[in-house]
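Asks: One structure follows; several queries about it will come next.
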């Protein structure tokens, strides 16, 4: 299960990067959010504090991005 979640996070993050590069910001922030939540879960499962802090920070940034793209 951990392997599936980590690959999902990887694919979602890569998809977010390409969507961002093509200017599809709504989709990019959704993908980035899914990726950061996936990697946050992996960090919590493995008790990897640097990974937890990194992806919690990314998730907060993505929530701000989602807010700006969809509500502002």
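Asks: Which residue, of 33, 6, is touching a helix residue (DSSP H, G or I) at 6+ places or on another chain (Cβ under 6 Å), within 12 Å of residue 69 (Cβ to Cβ) and without any contact (Cβ under 8 Å) to a residue 60 or more places away in the chain?
Replies: From the options 33, 6, the qualifying one is 33.
Asks: Looking at segment 9-20 only, could you name the residues that are under 16 Å from residue 66 (Cα atoms) and surrounded by fewer than 17 Cβ atoms within 10 Å (Cβ to Cβ)?
Replies: 17, 20
Asks: Is it true that some residue in segment 54-71 is assigned to a loop (DSSP other than H, G, I, E, B) and out of contact with any helix residue (DSSP H, G or I) (no Cβ under 6 Å at 6 or more places or on another chain)?
Replies: No, the conditions are met nowhere in segment 54-71.
Asks: Only one of (1) surrounded by 15 or more Cβ atoms within 10 Å (Cβ to Cβ); (2) outside any helix (DSSP H, G or I) is not met by residue 23, so which one is it?
Replies: All conditions pass for residue 23, except number (1).
Asks: Give me the pairs, please: first residue somewhere in segment 36-56 and over 21 Å from residue 16 (Cβ atoms), second residue anywhere and crowded, with 16+ Cβ neighbours inside 10 Å and at pLDDT below 95, beta-carbon distance under 7 Å, and either six or more positions apart or on two chains.
Replies: Hits for this filter: zero, empty list.
Asks: Please verify whether residue 45 is touching a helix residue (DSSP H, G or I) at 6+ places or on another chain (Cβ under 7 Å), surrounded by fewer than 17 Cβ atoms within 10 Å (Cβ to Cβ), assigned to a helix (DSSP H, G or I) and at pLDDT 95 or above, treating the condition exactly as stated.
Replies: So residue 45 passes the test.
The values are calculated or read from the model by the stated rules, or taken from the named source; none is laboratory data. Computed from a predicted structure; not experimentally measured. FYI the Cβ positions are ideal-geometry reconstructions off the backbone, even for glycines, and counts take in every protein chain you see.
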